[in-house]
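Here is the structure we will look at, set down as structure tokens.
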Amino acid sequence: MLRKRPREEAEIPTASMADIAFLLLIFFLVTTTIDVDTGILMQLPPPLDEDQKPPPIKERNMLAILVNAQGAILVENEVTLLPQVRKEVIRHVMNNGVDPRYAENSDKAIVSLKTDRATHYDSYVDVLDEIWMAYREIWDSEARKRGFDDYKSYSNQLREGQRDEIKAHIKAKISLAEPDAG
């Protein structure tokens, strides 16, 4: 009589499974990039000495922009739409003493941006972007006067260490004022 042997059960070898899982984990950790918000890139001026007072600034040379808690933009205490901010900044910086409401010249022109503590961050960034775009338009215009297509083509032709005459002539002077306590 034939005896039946007990059947061996089929097994899946799992000894190397842990090694494979570990290698996959390392692969994904090494290759995954994590987006990091970099914030607004601005260079702050050096702090004043304790005995040094801030330089006097004529009101005429300061363009005051306020963004209130509701997101309304006030340029020199007049309600203004976002697209108008850029035009006002250009008019202020490039005035050259013509209109007494704006800066005496581009070297003395300062744009002051102040917000309310409850102002939405998006509103603040939108207004700050418009101010920077105004300066970029001014720099583009100056580059065109020198025979270039735009400021980028001008800056691309500068050799390493060569002075940027346009930005030296028209500096972006933006004052980010502290919000009022409230």
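The values are calculated or read from the model by the stated rules, or taken from the named source; none is laboratory data. Just so you know, these numbers come straight off a predicted model, no measurement behind them. Positions of Cβ are backbone-derived with ideal geometry, glycine not excepted, and every protein chain shown enters the neighbour counts.
Being farther than 17 Å from ASN68 by Cα and over 21 Å from the mean Cα position of the chain (by Cα) is the requirement here; does ARG136 meet it?
In short, no.
Any residue that is within 27 Å of GLU178 (Cα to Cα), of a type in the set (Asp, Glu) and surrounded by 15 or more Cβ atoms within 10 Å (Cβ to Cβ) - is there at least one of those in region 85-94?
Checked region 85-94: at least one residue is within 27 Å of GLU178 (Cα to Cα), of a type in the set (Asp, Glu) and surrounded by 15 or more Cβ atoms within 10 Å (Cβ to Cβ).
So the check is Cβ under 7 Å with 6+ separation or different chains; which pairs have a first residue in region 50-63 that's charged (D, E, K, R) and a second one that's at pLDDT 80 or above and surrounded by 13 or more Cβ atoms within 10 Å (Cβ to Cβ)?
Close Cβ pairs (under 7 Å, with a partner that is at pLDDT 80 or above and surrounded by 13 or more Cβ atoms within 10 Å (Cβ to Cβ)) amount to ARG60/ALA103; ARG60/GLU104.
So is ASP129 acidic (Asp, Glu), surrounded by 14 or more Cβ atoms within 10 Å (Cβ to Cβ) and touching a Pro at 6+ places or on another chain (Cβ under 9 Å) or not?
no
Grab the strands (runs of 3 or more DSSP E) fully contained in region 1-83, keeping just those with 1 or more residues being under 20 Å from ALA172 (Cα atoms).
Filter on region 1-83 gives 62-67, 73-75.
Within region 156-168, can one find any residue that is among the basic types (Lys, Arg), within 14 Å of ASN61 (Cα to Cα) and over 18 Å from the mean Cα position of the chain (by Cα)?
Within region 156-168, not a single residue is among the basic types (Lys, Arg), within 14 Å of ASN61 (Cα to Cα) and over 18 Å from the mean Cα position of the chain (by Cα).
Mind listing just one residue for me: the one in region 132-158 that is crowded, with 19+ Cβ neighbours inside 10 Å and touching a residue at least 40 places away in the same chain (Cβ under 8 Å) and, of those, farthest from LEU74 (Cα to Cα)?
Among residues in region 132-158 that are crowded, with 19+ Cβ neighbours inside 10 Å and touching a residue at least 40 places away in the same chain (Cβ under 8 Å), the one farthest from LEU74 (Cα to Cα) is ILE138.
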